[in-house]
Amino acid sequence: MSLLRYDVTTHDWVIYAPERAGRPREVHAGAVEESQLSACPFCPGHEAGTGPETLSIPDPRHPGQWSVRAVLNKFPALSRESAGGLTENGRHFQEFDGYGAHEVIIESPDHFRTLAMQPADQIERILSVLQMRYRGLMGDSRLRAIIIFKNHRAQAGTSLRHPHWQILATPLVPHLLRQKHAIATDYFDRNFKCLHLVLLNEELAAGRRIVAKNEEFAAFVPYASYLPYQIRIMPIAQQPGFSKVSPARMALLAALLKDVFGKLNASLGDPAFNLSLVSPPISDEDEDYFLWHIDIFPRLFTQAGFELGSGMAINPVLPETAAGTLRGQA
């Protein structure tokens with residue numbers, strides 16, 4: 001079983017998940033062989049090879065087939081099978097049983113169709129399944145935070161090529177998220193405004209770092225982005241948590257995601273990337289101090305000793321240059 005250990009020097013927790021070492025790994029370079037397809041647990045006909053299904057929605061074009069599936073991760077970082085509870089192994093050595101939830105959302109039956117290649121209505125279905133599972137996990141009183149993420153290509157950490165997302169729910173709020181929430185809360189308490197919405201409005205007014213937008217969402221390269229071509233997507237109106245996105249807004253979010261990934265692929269040639277959907281702690285979904293958002297991190301460079309040792313990023317591409325390239329104005 002997994003466990004979490006507390007690092008008193010950083011005020012953060014580390015997840016130890018021995019089961020993750022048993023994940024299947026595909027060869028990502030070169031052509032995909034027929035044997036790889038026949039062994040892929042996410043392809044149609046191999047449903048028994050995944051963890052138990054938590055949600056499935058049908059394909060409107062092909063009755064009797066699924067369009068998006070949510071399943072329990074067979075190699076979870078955290079699991080509801082854990083008892084939970086804190087153990088003291090000394091004054092500075094604390095560990096917590098790895099209670100939580102870890103699910104996989106399979107984007108479509110197509111092994112080769114990346115998110116950029118999906119039609120907007122399929123992206124909307126993917127987002128809807130993510131939201132439904134997000135809402136479902138919110139009902140567990142032992143969970144504190146829900147992180148939605150996606151890894152694309154081996155350089156970004158994915159082990160299976162078939163496009164998928166993951167949801168990891170934790171019994172505590174990770175340190176980086178606690179820090180973001182504390183800063184946003186402090187700003188709100190002093191200014192009675194949402195810091196993220198204020199920043200977004202300033203980005204829209206400046207325009208130089210905007211990549212794409214529609215009437216409900218905007219995509220931009222943050223003023224102090226950590227990685228080259230990092231893109232942030234935010235709702236234009238106040239909306240603290242992802243669980244509250246309406247169906248009409250979800251369709252517009254899907255359209256913008258398709259536009260953004262089309263620009264990424266056109267500019268960078270389908271790069272490896274990590275995607276993270278950041279929302280407030282479960283208990284704060286209705287608090288106006290925060291604005292949920294999506295961060296897309298292309299993996300074009302490897303972080304080295306300075307970044308890992310200091311926590312400070314070195315970005316070789318100015319955000320204004322990156323936004324211009326993504327807009328096709330380089």
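Using just the C-alpha positions of segment 11-143 as equal point scatterers, what log10 of I(q)/I(0) does the Debye formula give at each q in 0.09, 0.13, 0.19 1/Å? At q = 0.09, 0.13, 0.19 Å⁻¹ the computed log10 ratios are -0.36, -0.70, -1.20. Rounded to whole numbers, the Karplus 3J(HN,Hα) couplings from phi for segment 272-287 are 4, 7, 10, 10, 9, 9, 9, 10, x, x, 3, 6, 10, 4, 9, 8 Hz, using 6.51 cos²θ - 1.76 cosθ + 1.60 with θ = phi - 60°, and x at Gly and Pro.
Over what distance in Å are the Cα centres of segment 115-135 and segment 189-235 separated? Between the Cα centres of segment 115-135 and segment 189-235 lies a distance of 22 Å. Taking amide H atoms as placed 1.01 Å from N in the peptide plane, the amide H of His164 lies under 5 Å from those of Glu107, each 5 or more residues away in sequence or on another chain. Excluding same-chain neighbours fewer than eight residues apart, the lysines reachable from Lys244 by a Cα-Cα span under 24 Å are Lys150, Lys180, Lys193, Lys213, Lys258.
In segment 3-172, Cα pairs under 8 Å separated by at least six residues give a relative contact order of 24 percent. Across all directions, the average projected area of the convex hull around the alpha carbons of the chain is 18.2 nm². Here the 3J(HN,Hα) profile of segment 219-236, calculated from phi with Karplus coefficients 6.51, -1.76 and 1.60 at θ = phi - 60°, is 10, 8, 8, x, 3, 10, 5, 7, 10, x, 6, 4, 10, 10, 10, 9, x, 6 Hz, Gly and Pro shown as x.
If you stretched the chain out fully between Phe306 and Asp59, how much longer would it get, using 0.36 nm times the residue separation minus the C-alpha to C-alpha distance?
Working: separation 247, 0.36 × 247 = 88.92 nm, distance 4.77 nm.
Gain in length upon complete extension: 84.1 nm.
Over segment 208-330, the ratio between the Cα radius of gyration and 2.2 N^0.38 Å evaluates to 1.11.
So if we plug the beta-carbon distance of Arg113 and Thr9 into 1/(1 + (r/R0)^6) with R0 = 45 Å, what FRET efficiency do we get, rounded to 0.05?
On the way: r = 44 Å, r/R0 = 0.98.
Efficiency for this residue pair is about 0.55.
Taken as Cα centroids, segment 295-330 and segment 42-67 sit 37 Å apart, rounded to the nearest whole angstrom. Amide H contacts under 5 Å for Asp12: Asp7, restricted to partners 5 or more places along the chain or on a different chain, H placed in the peptide plane at 1.01 Å from N.
For the pair segment 6-21 / segment 144-171, the C-alpha centres are spaced 17 Å from each other. Between Leu160, Leu277, Leu268, the GNM of the chain built on Cα springs shorter than 10 angstrom shows Leu268 fluctuating the most. Computed from phi, the 3J(HN,Hα) profile of segment 88-104 under the Karplus parametrisation 6.51, -1.76, 1.60 (θ = phi - 60°) reads 9, 10, x, 4, 10, 10, 10, 9, 10, 4, x, 6, x, 9, 9, 10, 10 Hz, with x in place of Gly and Pro.
Given charges of +1 on the Cβ of Lys and Arg and -1 on the Cβ of Asp and Glu, with all other atoms neutral, how large is the dipole of the chain about its Cα centre, in debye to the nearest 20? List each step's numbers first, then the result.
On the way: 32 positive and 35 negative charges, 79 e Å.
Result for the chain is approximately 380 debye, rounded to the nearest 20.
Annotation: amide H-H contacts under 5 Å for Asn73 (H modelled 1.01 Å from N, sequence separation of 5 or more, or interchain): His102, Glu103, Val104.
The relative contact order of the chain comes to 17 percent, based on Cα pairs under 8 Å that sit 6 or more residues apart.
Computed from the C-beta positions of Trp66 and Leu176 and an R0 of 30 Å, the FRET efficiency is 0.30 to the nearest 0.05. Of the residues Glu103, Glu202, the one with the fewest other Cβ atoms within 10 Å heads the list, and the complete ranking is Glu202, Glu103.
Values in this text are rule-based calculations from the coordinates and carry no lab data. What you see is a predicted model; the values in this text were computed from it and never measured. Every residue, glycine among them, receives a Cβ derived from its backbone with ideal geometry; neighbour counts consider all protein chains shown.
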